[in-house]
1. Rounded, prolate or oblate: which one fits segment 198-255, using the alpha carbon gyration tensor with axes a ≥ b ≥ c (rounded when a/c is under 1.5, else prolate when a/b beats b/c, else oblate)?
2. Here is the link list: K97/K123; K97/K160; K17/K174; K17/K250; K17/K223; K97/K174. Which ones come out longer than 32 Å on Cα distance?
3. Out of all DSSP beta bridges with both ends in the chain, state the antiparallel percent to the nearest 5.
4. On the first, second and third principal axes, largest extent first, how far apart are the outermost C-alpha atoms of segment 1-60 in Å?
5. Where Rh is the Kirkwood radius over the Cα pairs of the chain, the temperature 37 °C and the viscosity 0.692 mPa s, what D in µm²/s does Stokes-Einstein return?
6. Per DSSP helix of 4 or more residues, -39500 (n - 2.57); summed, then divided by the residues of the chain. What does that give at 222 nm, rounded to the nearest 500?
7. Quote the FRET efficiency, to the nearest 0.05, computed for E147 versus N177 with a Förster distance R0 of 35 Å and r equal to the Cβ-Cβ distance.
8. With a cap of 14 neighbouring Cβ atoms within 10 Å, and only residues DSSP puts in a loop, list the GluC sites (Glu not before Pro) found in segment 173-228.
Amino acid sequence: MSETRVIGVDVGGSGVKAALVDVERGELASDRPRLDTPQPATPERVADAVAQLVDRLGGAPTIGVTIPGVVRNGVVRTAANIDPSWIGTDARALFSKRLEAPCVVLNDADAAGLAEMRFGAGKGRSGVVILLTLGTGIGSALFVDGELVPNTELGHMEFKAQEAEHYAAASVRKAENLGWDRWGTRVGEYLAMLTVLFSPELIILGGGVSRKFDRFAKHVLAKVPSGTDVVPATLQNQAGIVGAAMITQKKSVAE
Ligand code: BGC
């Protein structure tokens, strides 16, 4: 394990999770306490939840935090699945003050993508790689020869006359009571559109459902043209935490 203590915090639409991370190995180095995302998920309430988790882990000199929205220079620019009062909030300043430690803040899917590219399903892959997190919404991370193009937000592209995440996020499967076959087909249709636009070598599917890839893989793959590999994320729902911790070591990537 590296000498420095590093904590990664993943703020999602439904849960806030944190852990100490071994950034050399891309592994959690503690248990992973979780709290439900406060509702409404305002900056102050989310910062309180993050502070509780960081306290439980004993603190760290630098902390990486993900937010499910566009983050530029520490400032949140969109808030589809968290309270709209995040828009324009300087999350880096907010968390740094609340946690009394310098914080680095980035988009949750970008964090997951960084972790998967370094330690998981994208390791060693060049060309265009897209990671999607299928959860409350759809997050995206786009890589070109291993370099992140931050804040791509491919889940908000219009698809079938609505936002793609309202058609194919994992939450939609439950909300609309779709079977794995119908939902997998929707995901496949969306991926087929992404292949037309980006010609990716690889698409990595993350989020909690990546554990259940076997249940929907064939329906997805039936829709995706050959030439693009589609695989489940291997760090599963730890990827955001690991990526958040990684970014504290390499500030230039997303900030
Ligand atoms: C947000 C993204 C986020 C994704 C997954 C989307 O609604 O706009 O920024 O990455 O949800 O949480």
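Values quoted throughout were computed directly from the atomic coordinates according to the rules given, and no laboratory measurement underlies them. Just so we're clear, the structure is a prediction, and the values are computed from it rather than from any experiment. Positions of Cβ are generated from backbone atoms using ideal geometry, with glycine treated the same way; all protein chains shown enter the neighbour counts.
1. In terms of gyration-tensor shape, oblate.
2. Long pairs (Cα-Cα over 32 Å): K97/K123; K97/K160; K17/K223; K97/K174.
3. 55
4. Computed over segment 1-60, the largest-to-smallest principal extents equal 37, 18, 16 Å.
5. Here the translational diffusion coefficient equals 183 µm²/s.
6. Value at 222 nm, helices only, nearest 500: -10000 deg cm²/dmol.
7. The calculated FRET efficiency here is 0.30.
8. E176
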